[in-house]
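Below: one structure, written as structure tokens.
The values are calculated or read from the model by the stated rules, or taken from the named source; none is laboratory data. The structure presented is a predicted model; accordingly, all values stated were derived computationally and were not measured. In this analysis, Cβ positions are derived from the backbone assuming ideal geometry, glycine residues included, and neighbour counts consider all displayed protein chains. Keep in mind that these areas ignore ligands, DNA and RNA; they rest on the heavy atoms of the full protein, side chains included. Shrake-Rupley method; radii C 1.70, N 1.55, O 1.52, S 1.80 Å.
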Amino acid sequence: MKKQLIWLSGLLVFALFAGACSDSSSDTTTAPSDSTTTTASDDATTTTADSGATTTEAPPAEPLTFGMILVGPQDDRGWSQAHREAGEYLEAQLGATMILLDKVNPSDRPEVTVDQVARDMIDQGAQLVFMTSDDMKDGAFLAAEQNADIPMIWSSGDNAWADGDDYRPELANLGNIMGQMEYGKAMAGCSAALTSETGSIGYLGPLINDETRRLVNSAYLGAKYCWETVLGNDVADLTFAVNWIGFWFNIPGFTLDPTLVVNDFFDGGADVVISGIDTTEALVVAGQRAAEGDTVWAIPYDYVDACSGAPEVCLGTPYFNWGPAYLDIAKSVLDGSFAPTFQWNPPDWGDLNNVETTAVGYVAGPGLSADNAATLETFIAGLADGSINPWVGPLNYQDGSVWLADGEAATPQQIWYTKQLLEGIDGASEA
């Protein structure tokens, strides 16, 4: 099944992504189950910069060679490792060859730019290049401009979204892929609220942008729902605080030390810390504190096996599974049908942790009690069938302005381009 901007099909489409997309001469807009989609086929939805456009004159000879540019260490047990393993999945499925460079960021490789790395990979035979960080925006645009005949993916970007702020239809070789991690973060927030004994939850944030704000908000909304609606507690008794370190992972001398931030959360009364950074400091610290007798838990991020670092305190992991979408892209390059689509891919609600089909999953951790795990499953089922939608008003931003009016369901654009944290969250909305 194609994974081109699959919102949610049939009965699984619900109000999280309700709202109207603007019309386009190259797009066909439909709204099944009150959800906006831009349809490219009977069983998949997609937004394309140029529907039907291809960027290769002829399919490349097999086997495929592709480049994978990672922002962090390839073994970080987080974001970058999840991408690396997606590349290995392509190698196994297609007999492809991956050219990989990790730690492509201004601190680890100050002399290297994303467009230079892409050019080097193309010179080595890459017929497709994945650029896998929001921070790679400028380099991705430049690489696409300079190598217009090479298909490229800027993961987490929006340049191929006709309704996106960074829409660049002239970049006919640059597509976008992102998972709908908003669901995974809502599950994390619910797990945290169900488990917390103090009613105080910390969120270890990376840098501040639209992506990270919407994920913090999603975690808070999941926590709020399960604290208030499931447990019957007063939301005024729930403390949810975020502290930002300044980048996706620790860079000594540049970011706050995430180990210190997590310890500060626990010292301040939080008993659950949700991680939003690429690495596992939250889980490591929680494991250390638990070994000293503290009753604390953590929720890591990004990588399916992240809990293994300290399973006894791990409530679960919301993770990205890039393999299926990347495989579809690679196949389109091989058969010459590649087009620059915007994909915001959902979980496989029928089989949440099926690595062959899901874009986003949630693995319940050993630290989550059996009763809370069962309650979480009910919450997940509600997200899947639409009976639970945390992204419905009344909801205000931190400054008191209205984000969603009473009964108003958020549109895709409202969720993607979240300009503030929500009322009820302690922490900065802007750097």
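Take the conditions closer than 23 Å to LEU238 by Cβ, in contact (Cβ under 8 Å) with a residue 24 or more places away in the chain, touching a helix residue (DSSP H, G or I) at 6+ places or on another chain (Cβ under 8 Å) and not small (Gly, Ala, Ser) and apply them to VAL304. Does it pass?
For VAL304, the condition - closer than 23 Å to LEU238 by Cβ, in contact (Cβ under 8 Å) with a residue 24 or more places away in the chain, touching a helix residue (DSSP H, G or I) at 6+ places or on another chain (Cβ under 8 Å) and not small (Gly, Ala, Ser) - is not met.
Could you tell me which of the residues ILE177, ILE208 is β-branched (Val, Ile, Thr) and within 30 Å of ALA330 (Cα to Cα)?
Answer to the check: ILE177.
Can you name the condition, by its number, that TYR303 falls short on among (1) touching a Lys or Arg at 6+ places or on another chain (Cβ under 8 Å); (2) of a type outside the set (A, V, I, L, M, F, W, C); (3) open to solvent by less than 30 Å² (accessible area, probe 1.4 Å); (4) under 30 Å from ASP149 (Cα atoms)?
(4)
Being assigned to a loop (DSSP other than H, G, I, E, B) and aliphatic (A, V, I, L, M) is the filter; apply it to the stretch 418-429 and report the residue that is surrounded by the fewest Cβ atoms within 10 Å (Cβ to Cβ).
For the stretch 418-429, the residue satisfying everything is ALA428.
Could you list, in sequence order, all residues of the stretch 282-300 that are farther than 16 Å from SER191 by Cβ and surrounded by 24 or more Cβ atoms within 10 Å (Cβ to Cβ)?
If we filter the stretch 282-300 for residues that are farther than 16 Å from SER191 by Cβ, which is where we start, we get 284-285, 287-294.
The one that is farther than 16 Å from SER191 by Cβ and surrounded by 24 or more Cβ atoms within 10 Å (Cβ to Cβ): VAL285.
Residues that are part of a helix (DSSP H, G or I) and over 17 Å from the mean Cα position of the chain (by Cα): does the stretch 357-368 have at least one? Lay out the reasoning, then the answer.
If we filter the stretch 357-368 for residues that are part of a helix (DSSP H, G or I), which is where we start, we get none.
There is no residue in the stretch 357-368 that is part of a helix (DSSP H, G or I) and over 17 Å from the mean Cα position of the chain (by Cα).
Which numbered condition in (1) surrounded by fewer than 24 Cβ atoms within 10 Å (Cβ to Cβ); (2) touching a residue at least 24 places away in the same chain (Cβ under 8 Å); (3) more than 30 Å from PRO106 (Cα to Cα); (4) out of contact with any Pro (no Cβ under 6 Å at 6 or more places or on another chain) is the only one that TRP244 fails?
In the conditions (1) surrounded by fewer than 24 Cβ atoms within 10 Å (Cβ to Cβ); (2) touching a residue at least 24 places away in the same chain (Cβ under 8 Å); (3) more than 30 Å from PRO106 (Cα to Cα); (4) out of contact with any Pro (no Cβ under 6 Å at 6 or more places or on another chain), TRP244 misses (3) alone.
Could you check the stretch 82-129 and list, in sequence order, the residues that are buried (at least 18 other Cβ atoms within 10 Å of the Cβ), within 25 Å of SER337 (Cβ to Cβ) and among the polar types (S, T, N, Q)?
Passing the criteria: only GLN127.
Out of all the residues in the stretch 219-240, which are among the hydrophobic types (A, V, I, L, M, F, W, C), surrounded by fewer than 17 Cβ atoms within 10 Å (Cβ to Cβ) and not in a helix (DSSP H, G or I)?
LEU231
Pick from ILE388, ILE415, ILE380: which is assigned to a loop (DSSP other than H, G, I, E, B), touching a helix residue (DSSP H, G or I) at 6+ places or on another chain (Cβ under 8 Å) and crowded, with 17+ Cβ neighbours inside 10 Å?
ILE388
Return the residues of the stretch 200-218 that are in a strand (DSSP E or B) and surrounded by 24 or more Cβ atoms within 10 Å (Cβ to Cβ); say none if nothing qualifies.
Result: ILE201, GLY202, TYR203, LEU204, GLY205.
Report yes if some residue within the stretch 157-169 is surrounded by fewer than 19 Cβ atoms within 10 Å (Cβ to Cβ), more than 24 Å from the chain's Cα centre (by Cα) and either hydroxyl-bearing (Ser, Thr, Tyr) or on the phi < 0 side of the Ramachandran plot (or both); otherwise report no.
No, the conditions are met nowhere in the stretch 157-169.
In the set ASP149, ASP138, ASP166, which member is part of a loop (DSSP other than H, G, I, E, B) and over 24 Å from LEU334 (Cα atoms)?
Among ASP149, ASP138, ASP166, only ASP166 is part of a loop (DSSP other than H, G, I, E, B) and over 24 Å from LEU334 (Cα atoms).
If a residue must be outside any strand (DSSP E or B) and crowded, with 19+ Cβ neighbours inside 10 Å, how many such residues does the stretch 329-348 contain?
The total comes to 11.
Give the residues of the stretch 284-327 that are part of a helix (DSSP H, G or I) and closer than 30 Å to ASN176 by Cα, sorted by residue number.
Answer for the stretch 284-327, where residues must be part of a helix (DSSP H, G or I) and closer than 30 Å to ASN176 by Cα: ALA306, CYS307, GLY323, PRO324, ALA325, TYR326, LEU327.
So ASP278 clears everything in (1) touching a Gly at 6+ places or on another chain (Cβ under 7 Å); (2) surrounded by fewer than 21 Cβ atoms within 10 Å (Cβ to Cβ); (3) of a type in the set (D, E, K, R) except one condition, right? Which one?
(2)
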